[in-house]
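Here is the structure we will look at.
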Amino acid sequence: MKFFLNNFHNVKVTSPIINVLIMKFKPLSLLFIVCISTQSCDYFSNPNDKMVRILEARNKMYDVKNNPFSTELELAFYDSIIKTSEDGFYKFSNEINKGNALLKLGKEAESVATLERVIDKIKKLGGRDDTESLKNLAIAYMRLGEKQNCFNYHNTESCILPIQKNGIHTIRQGSQKAIEVYKKLLEINPNDYESRWLLNIAYMTLGDYPAKVPSQYLIPNLNKNNSDYTVKPFVDVATNVGIKSRNLSGGVILDDFNNDNYLDIVTSDWSLNGAMHYYQNDKRGGFIDISKFSQLGRFKGGLNMIQADYDNDGDTDIFVLRGAWMKQLGRQPNSLLRNNGDGTFTDVTIKSGIYSEFPTQTATWNDFNNDGYLDLFIGNESSSENSYPCELYLNNQDGTFKNVAKLAKCDVVSFIKGVTSADYDNDGDVDLFLSGMNKKKILLKNMGNKNDIPQFIDVTDQAGLGELKVLTFPTWFWDYDNDGWQDLFVCGYQYQGSIAGNIAMEALGFANDGSKMYLYHNNHDGTFTDVSQEAGLHKTVFAMGSNFGDIDNDGFLDMYLGTGNPDYKSLTPNKLFRNMGNGKFADVTVSSRVGNLQKGHGVAFNDLDNDGDADIFAEIGGAYIGDSFYNSLYLNPGQNNNRWIKLQLEGTDTNRSAIGTKIKVSFKENGVSRSVYRILNSGGSFGASALRMEIGIGQATIIDQIEITWPKSHKKKVFKNIQPNQYIKIIEGENNFSKVDIKRTVFPTAGAKSSICI
C-alpha cells in the first residue's frame, strides 16, 4: 500500500490494476479517482516535494559556458582541452585555468602543485615570469595556509584582522611561500597594491607584522584602530553554541520562530547544493539544529531571506530569494515558507500566487496599500541580455497575492541589488529606494492608492539623489541622528583594478577609484543631502551583507558591513562603525575584533543571550565550493552600563508583525531631554534582524514615555513612566502593556574552538 501511495501519480487512468486496488481499498477508492482525474497526488506527498524537485531540476541546468560558478564542470572542461593540446601557451594557459578551478573547489594542495609546474613551463617558453600566473600561485599558497590553520583548527581568532594570538598560523609553509611570490611581484611592479596588501596580510598570519615586512612594502597601522575611539572586543562563540556548519555565501534571519520569546537563527546557502539551516534556541545557552525536522533543511539555494507574518496567524514566515548574480541561469524560483506553528514549514509559493523565476536577492515586506496586511516588493536583476521587471505583490488577505507592479508603476527594469522601504517623507505612505549595479539609483515615492493599488512616482532627481551614479549594493532607511525622519544609507560596490588594491591605497592615504559609503541626511522637505564626508564615512568599503543596530545602548544606531566579492584575492576585513551621536561615525573594527577577512554576507543585530546588548551574527562564506567558511556569532561583552528597553509589538488592525510601526522613546539623560526614533523592520537589505525593537536609552533611569504610531490607522498610543531594562509586549488597541519573562542565557566562551569540519 505504501508503494502504491508513493507512486500512484505514475499510474495511468487506463491501468488495469486500478480496479483491483479500488476493490481492495474501497474506503480510499473515491480519493484515488479524484487524484487521477486531477492528474495530481499531492494529497499523498509532502507539499514541500514540488519545490524541492523544481530546485533540483534547476541545479541540473548549469554548464561551464554559462555558469562561472559550476567549478566541477569548469575543471572537466579544462582537462579536456589540456588532453588534446600540444605544449604551448594555449595549453599552458588552460593548465593555469585548471589550477584556479582546483582552488575554487577547495583542492589547495593540488592547485599549488599544478600552478607551480605550469609556471615553470611558461617561464622557459617565454623567458620571463608571467605576473598573472604568479598572482594565482600566491593566492593558492595563501588559501593553503588558511585551510591548514583557519579552517582545520578554527577558533575565535581565526581570520580576524589584525591576526594575533591563536589566529597566527602554526603550519607556516603556505604563508611563507606566498610571501616569496609577493616579493617577486612587487619587485616587478612596486605599484602593485593588491600584492602589497596581501603581502602584509601574509606576514600577519605568521606573527611577523609589522616588524618583518620590508619597509618599502609596509602598510602601517593595520593592527590599530582607524579612529581614536575604541570599544570592548566581541568574541565569536558560534561554534560553542552549536552553529558548526560551514556554508557558502547566504542570508540570515534572527527571530522567534516558535513563539517562546527566545531568538532563533535561520541561515541559507546561495548554491542549489547548499541547504538552509534552522537553529532553535535551547534557552540554556545554545542552539539545536532542527533543520531536518522543520523541513527547512530540504530547501537549497537563496543568497538572502526576509521574514514576516504574511498571513497574520501569529507565526513568523520566511521568504527565500534565489538566482542572484546568475543572469539567465538565475531563473530560480523564490520560496515562501509558511510557518505551521508546530516547528515545521511548508512551501506555499505556488499556492500563494508569488511563484516567479527572476534572478534576485533582495525584497522588502511592508504594507504599501495600508490595508493592514503585508505586501511584498521584489527587486530583480535585469541585464543587457535579459529584462526582469521588479514585482509588487499585494496581499489578498486570504493567503494569496497579486502582482500589481505595472499598475503601481514600480515595475522597474534594472540590476537591483538592494531595496529598502519606509515612509521617508512622513506622509503616511510607504516609499521605496532601489540600489543596484546600474548607475542610476531610484527613489519611488508612494502617492497613495488608486483603486486600492499604491501609485509610485520616481522622485530620485527631485530628492537630490540623482548624482549618485556609481554601482551600489546594500542599502537601508534609518534615523541615524534621531530627528524623527528617515535618512538613507547606501554602499558603493565598484572598483578599478582590484578590491584589495583599492583597500591598500585607502589604508596608505592614496586616492583611488573605489566607490565609497554614502550617507544621505533627510532634510524634512522631501530631499536629502550627502553628509558622508562630514560623517567620516567617505571611505572605500565594498559591502555586501550589512545591517545596523545599537551595540552600546546609547540610542544611536551603529552598523556592521560584510565585505568582499567572489575573488579569493578580495581578502579584506568586514567593518564595524560606531555612531558617535554627533553626526559622525568611528571605525572601531580593530578594537571590536569583528574584522573577519573572509567574505561577509547576511548580517543581523540582536541580543541573542538576553543580557541587554546587541550581538552580531554574520553569515561568512564565498561563492565557490572551496570558499565555504564558519559563520560568526559575535558576542557583545557589554560596552558600559547603559540601559535599554525591548519592545514586542503586535498589530491587530495593523499587520500582525507591526512592520512599519513608528516608535518614539523619550527620556532624560543626565538632566537632558532626549528622544530615540525607530521604525519596526528587519534592518538592512542583506540580512534580517528580528522583528522586535531593542532600544538603548543611555544613562536614563526612567523612560518618560513610549509613543507608538500604528501604520494603518496612524493612531498614537502613549505609555508613560516605564522602567528600563525590561522586555514588554504592546498589542494594538490595548491600554496596557505586559511584561515578557525571559531569562538571560550564558553562552560558553572558553576556548571558543570548533571541531575540525572539512
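The values are calculated or read from the model by the stated rules, or taken from the named source; none is laboratory data. These numbers come from a predicted model, not from an experiment. Cβ placement follows ideal geometry from the backbone for every residue including glycine, while neighbour counts extend to all protein chains displayed. These area figures cover heavy atoms from the full protein model, side chains too; ligands, DNA and RNA do not enter into them. Shrake-Rupley method; radii C 1.70, N 1.55, O 1.52, S 1.80 Å.
When region 663-685 is filtered for residues that are in contact (Cβ under 8 Å) with a residue 40 or more places away in the chain, in contact with a Ser or Thr (Cβ under 6 Å, 6 or more places away or on another chain) and closer than 30 Å to residue 303 by Cβ, the ones remaining, listed by number, are 682, 683, 684, 685. Looking at 374, 303, just one residue is aliphatic (A, V, I, L, M), closer than 22 Å to residue 55 by Cβ and out of contact with any helix residue (DSSP H, G or I) (no Cβ under 6 Å at 6 or more places or on another chain), and that residue is 303. Does any residue of region 573-582 turn out to be under 20 Å from residue 633 (Cβ atoms), in contact (Cβ under 8 Å) with a residue 40 or more places away in the chain, in a loop (DSSP other than H, G, I, E, B) and in contact with a Lys or Arg (Cβ under 8 Å, 6 or more places away or on another chain)? Looking for residues that are under 20 Å from residue 633 (Cβ atoms), in contact (Cβ under 8 Å) with a residue 40 or more places away in the chain, in a loop (DSSP other than H, G, I, E, B) and in contact with a Lys or Arg (Cβ under 8 Å, 6 or more places away or on another chain), one finds none in region 573-582, hence no.
When 497, 484 are screened for being surrounded by fewer than 22 Cβ atoms within 10 Å (Cβ to Cβ) and touching a Lys or Arg at 6+ places or on another chain (Cβ under 8 Å), only 484 passes. Filtered by the rule that a residue be touching a residue at least 24 places away in the same chain (Cβ under 8 Å) and open to solvent by 60 Å² or more (accessible area, probe 1.4 Å), region 84-131 gives 87, 89, 107, 109, 121, 125.
Would you check if there is a residue in region 557-566 being over 23 Å from residue 304 (Cβ atoms) and either buried (at least 24 other Cβ atoms within 10 Å of the Cβ) or at pLDDT 95 or above (or both)? Checked region 557-566: no residue is over 23 Å from residue 304 (Cβ atoms) and either buried (at least 24 other Cβ atoms within 10 Å of the Cβ) or at pLDDT 95 or above (or both). Scanning region 565-607 for residues that are among the hydroxyl-bearing types (Ser, Thr, Tyr), touching a helix residue (DSSP H, G or I) at 6+ places or on another chain (Cβ under 6 Å) and more than 25 Å from residue 497 (Cβ to Cβ) turns up nothing.
Tell me yes or no: at least one residue of region 617-632 is part of a strand (DSSP E or B), of a type in the set (D, E, K, R) and more than 23 Å from residue 152 (Cβ to Cβ). No, the conditions are met nowhere in region 617-632.
Considering only residues in region 64-78 that are in contact with a helix residue (DSSP H, G or I) (Cβ under 6 Å, 6 or more places away or on another chain) and assigned to a helix (DSSP H, G or I), the one that is nearest to residue 274 (Cα to Cα) turns out to be 71.
Tell me whether region 299-306 contains one or more residues that are in a strand (DSSP E or B), touching a residue at least 40 places away in the same chain (Cβ under 8 Å), touching a Leu at 6+ places or on another chain (Cβ under 6 Å) and open to solvent by 10 Å² or more (accessible area, probe 1.4 Å). Yes; the residues of region 299-306 include at least one that is in a strand (DSSP E or B), touching a residue at least 40 places away in the same chain (Cβ under 8 Å), touching a Leu at 6+ places or on another chain (Cβ under 6 Å) and open to solvent by 10 Å² or more (accessible area, probe 1.4 Å). Does region 694-719 hold any residues that are open to solvent by 20 Å² or more (accessible area, probe 1.4 Å), within 30 Å of residue 448 (Cβ to Cβ) and of a type in the set (A, V, I, L, M, F, W, C), and which are they? Scanning region 694-719 gives a single hit, 718. Among all positions in region 211-223, there is at least one residue which is under 31 Å from the mean Cα position of the chain (by Cα), surrounded by fewer than 23 Cβ atoms within 10 Å (Cβ to Cβ) and more than 21 Å from residue 511 (Cβ to Cβ).
Of the residues examined, residue 81 is one that is open to solvent by 20 Å² or more (accessible area, probe 1.4 Å), closer than 29 Å to residue 325 by Cα and either in contact (Cβ under 8 Å) with a residue 12 or more places away in the chain or not in a helix (DSSP H, G or I) (or both).
Among the residues making up region 524-542, those that are at pLDDT 95 or above and in contact with a Leu (Cβ under 8 Å, 6 or more places away or on another chain) are 528, 530, 531, 532, 535, 537. Of all residues in region 139-148, at least one satisfies being of a type in the set (Val, Ile, Thr) and in a helix (DSSP H, G or I).
Screening the candidates 423, 342, 429, 371 for the property of being without any contact (Cβ under 8 Å) to a residue 24 or more places away in the chain and out of contact with any Ser or Thr (no Cβ under 8 Å at 6 or more places or on another chain) yields one hit, 342.
Here's the yes/no breakdown for (1) open to solvent by 10 Å² or more (accessible area, probe 1.4 Å); (2) in contact with a Pro (Cβ under 9 Å, 6 or more places away or on another chain); (3) of a type in the set (D, E, K, R):
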| residue | (1), (2), (3) |
| --- | --- |
| 582 | yes, no, no |
| 594 | no, yes, no |
| 599 | no, yes, yes |
| 615 | no, no, yes |
| 618 | no, no, no |
| 623 | yes, yes, no |
| 635 | yes, no, no |
| 649 | no, no, no |
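Each residue in region 53-75 was checked for being open to solvent by less than 60 Å² (accessible area, probe 1.4 Å) and either at pLDDT below 90 or of a type in the set (Lys, Arg) (or both), and 10 pass. Within region 141-165, being surrounded by 17 or more Cβ atoms within 10 Å (Cβ to Cβ) and over 25 Å from the mean Cα position of the chain (by Cα) holds for 141, 142, 144, 145, 148, 149. Residue 283 falls short on exactly one of the conditions (1) buried (at least 20 other Cβ atoms within 10 Å of the Cβ); (2) over 18 Å from residue 253 (Cβ atoms), and that condition is (1).
Just the residues that are at positive phi and open to solvent by 30 Å² or more (accessible area, probe 1.4 Å), please, taken from region 444-470. If the condition is that a residue be at positive phi and open to solvent by 30 Å² or more (accessible area, probe 1.4 Å), then 451, 452, 464 are the ones that fit.
Filtering 489, 548 for residues that are in contact (Cβ under 8 Å) with a residue 12 or more places away in the chain, open to solvent by 20 Å² or more (accessible area, probe 1.4 Å) and under 18 Å from the mean Cα position of the chain (by Cα) leaves a single hit, 548. Being farther than 23 Å from residue 151 by Cβ and either surrounded by 19 or more Cβ atoms within 10 Å (Cβ to Cβ) or of a type outside the set (D, E, K, R) (or both) is not true of residue 242. Filtering region 651-687 to residues that are open to solvent by less than 40 Å² (accessible area, probe 1.4 Å), out of contact with any Gly (no Cβ under 7 Å at 6 or more places or on another chain) and assigned to a strand (DSSP E or B) leaves 663, 665, 666, 667, 675, 678. Residues considered: 318, 290. Of these, the only one that is of a type outside the set (Phe, Trp, Tyr) and surrounded by 24 or more Cβ atoms within 10 Å (Cβ to Cβ) is 318.
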